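Below is one structure, written out as structure tokens; the observations come after it.
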Amino acid sequence: MSLTAPPLSLYVHMPWCVKKCPYCDFNSHGLRSEPPPYAAYIDQLLADLDADRADLAAALEGRPVISIFFGGGTPSLFAPELIARLLDGVRERLPLAHDVEITLETNPGTVEHGRFDGYLAAGVNRISFGVQSFDDDKLRRLGRIHSAGEAEAAVKSAQDAGYANINLDLMYALPRQDLDGALTDVERAVALGPTHISHYQLTLEPNTVFAANPPPLPDDDHAWAMQEACEARLAEAGYGQYEISAYAQPGRRCLHNLNYWEFGDYLGIGAGAHGKLSDAASGLVRRRWKSRHPRAYMEANGGPARIGGDSMVGADELPFEYMLNALRLVHGVPMAAFAERTGLPSARIAAALSTARQHGWLHDDPQRLHTTVLGQRFLNDVIGLFLD
Ligand SMILES: C[S@@+](CC[C@H](N)C(=O)[O-])C[C@H]1O[C@@H](n2cnc3c(N)ncnc32)[C@H](O)[C@@H]1O
Ligand code: SF4
């Protein structure tokens with residue numbers, strides 16, 4: 001069985017936020033009295049990319065980048081000139097596909113007037129807003145730095161700047177939220193006419209303020225009822241669900257996230273960024289991640305200390321890793337993709353597939369791997385079947 005090189009993406013991590021939200025376990029650090037070293041960080045990102053290109057040259061040879069994603073943290077804390085400098089540097093170092101998707105995550109509380117024009121001129125063609133909710137009480141409870149009105153104004157100013165591709169992040173199953181509250185949030189999001197909506201269930205993540213002091217959250221049955229009702233409302237409004245939490249207008253799926261879920265390849269630069277690369281020559285999948293703390297990452301100055309870890313994924317872990325991604329996709333993936341992306345024969349997962357089908361979690365389709373509605377509800381159990 002041989003591995004085929006899949007599409008290649010680039011993830012860029014920006015590790016600062018105005019203020020840490022109590023539910024968030026992303027690698028993000030609230031601002032202190034001194035501003036972060038924004039310009040120096042851009043230099044380090046390019047040094048990191050140079051070093052990765054040198055180390056991984058054989059596996060990268062001749063492959064165009066199909067998408068770039070600035071994630072955080074809050075990338076919109078970086079001025080457009082810095083984003084332009086980084087993107088110019090990337091263009092000098094890697095071939096970009098002619099229709100490359102370039103997304104920048106944005107906190108609506110950080111975008112003063114004029115920024116969107118600058119990001120667009122730099123080459124960003126997709127803006128993702130962390131809106132979370134349109135209920136000001138809920139926003140306060142979530143520790144957000146913006147009101148619903150400010151989020152609406154920010155989305156409109158991105159639309160006025162000419163972005164054709166806009167995503168809104170919403171969360172549901174919020175503290176003391178009921179079904180009507182969750183539906184109202186979806187209604188207000190739809191009214192703004194974004195091309196994409198990410199609709200995440202709020203989860204209590206270890207080592208967060210919410211985990212230490214849990215707010216009263218809706219139980220699983222209520223959360224599932226919200227998910228179903230919101231999904232139906234989004235479908236009615238023209239947003240098709242294609243992944244557990246992702247909804248898009250036709251032709252507006254997020255190429256970058258799709259590449260993750262389809263077990264594509266990606267370079268990861270920046271503090272704590274993860275990368276995955278298939279090496280067709282050795283037939284192995286490599287994972288590399290960067291030093292998590294911004295200071296340690298920057299002090300490495302593009303040297304080996306910037307790497308937090310680097311390892312080949314064992315054949316015993318690959319089926320689980322593959323399913324963890326692929327089964328999130330509502331329409332699943334072609335059966336043949338498993339062998340192409342992991343280099344393993346499909347016989348390797350035959351027993352787990354058969355158990356999943358007996359439970360009614362997977363469709364009985366020899367051509368595609370896709371979950372039933374029941375399978376989506378119990379996704380963690382389905383994926384658990386593929387643990388070695
Ligand atoms: C990196 S943030 C987006 C940009 C920016 N940092 C912001 O929050 O406005 C990615 C998204 O993950 C989601 N998220 C973060 N923590 C979560 C949690 N504990 N449960 C569910 N969704 C979460 C939020 O919707 C958030 O917008
Ligand atoms: S602004 Fe976004 S990344 Fe930063 S702490 Fe809040 S949710 Fe996390």
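Computed quantities for the displayed model
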read-out	value
Looking only at the range 107-117, and only at residues there that are in contact (Cβ under 8 Å) with a residue 24 or more places away in the chain and surrounded by fewer than 17 Cβ atoms within 10 Å (Cβ to Cβ), the one that is nearest to ligand 1 (Cβ to nearest atom)	His113
Identity of the residue in the range 199-243, assigned to a helix (DSSP H, G or I) and acidic (Asp, Glu), that ends up nearest to ligand 1 (Cβ to nearest atom)	Asp220
Ala173 being within 15 Å of ligand 2 (Cβ to nearest atom) and touching a His at 6+ places or on another chain (Cβ under 8 Å)	no
Leading residue by the ranking (nearest to ligand 1 (Cβ to nearest atom)) among those in the range 127-165 that are aromatic (Phe, Trp, Tyr) and under 24 Å from Tyr23 (Cβ atoms)	Phe129
Failed criterion for Ala191 (all others in (1) more than 10 Å from ligand 1 (Cβ to nearest atom); (2) in contact (Cβ under 8 Å) with a residue 24 or more places away in the chain; (3) within 27 Å of Ala232 (Cβ to Cβ) hold)	(2)
Search result, residues across the range 118-129 that are touching a Pro at 6+ places or on another chain (Cβ under 7 Å), surrounded by 23 or more Cβ atoms within 10 Å (Cβ to Cβ) and not hydrophobic (A, V, I, L, M, F, W, C)	Tyr119
Tabulated pairs, the range 270-282, first assigned to a strand (DSSP E or B), second among the polar types (S, T, N, Q) and surrounded by fewer than 21 Cβ atoms within 10 Å (Cβ to Cβ), C-beta under 8 angstrom, 6+ apart or interchain	Ser278/Thr4
Criterion: closer than 20 Å to Gly72 by Cβ, more than 22 Å from the chain's Cα centre (by Cα) and not in a loop (DSSP other than H, G, I, E, B) - qualifying residue of Glu150, Glu187	Glu150
Matching residues in the range 198-254 - criterion: being within 16 Å of ligand 2 (Cβ to nearest atom) and under 17 Å from Arg328 (Cβ atoms)	Ser198, His199, Tyr200, Gln201, Thr203, Ser245
Answer residue from the range 91-131, given it is small (Gly, Ala, Ser) and modelled with pLDDT of 95 or more and is farthest from ligand 2 (Cβ to nearest atom) among those	Ala97
Number of the condition not met by Ala59 [criteria: (1) modelled with pLDDT of 95 or more; (2) of a type in the set (Gly, Ala, Ser); (3) away from ligand 2 (no atom under 16 Å from the Cβ)]	(1)
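The values are calculated or read from the model by the stated rules, or taken from the named source; none is laboratory data. Keep in mind it's a predicted model, so treat the numbers as computed, not measured. Cβ coordinates were reconstructed from backbone atoms using ideal geometry, including for glycine residues, and neighbour counts include every protein chain displayed.
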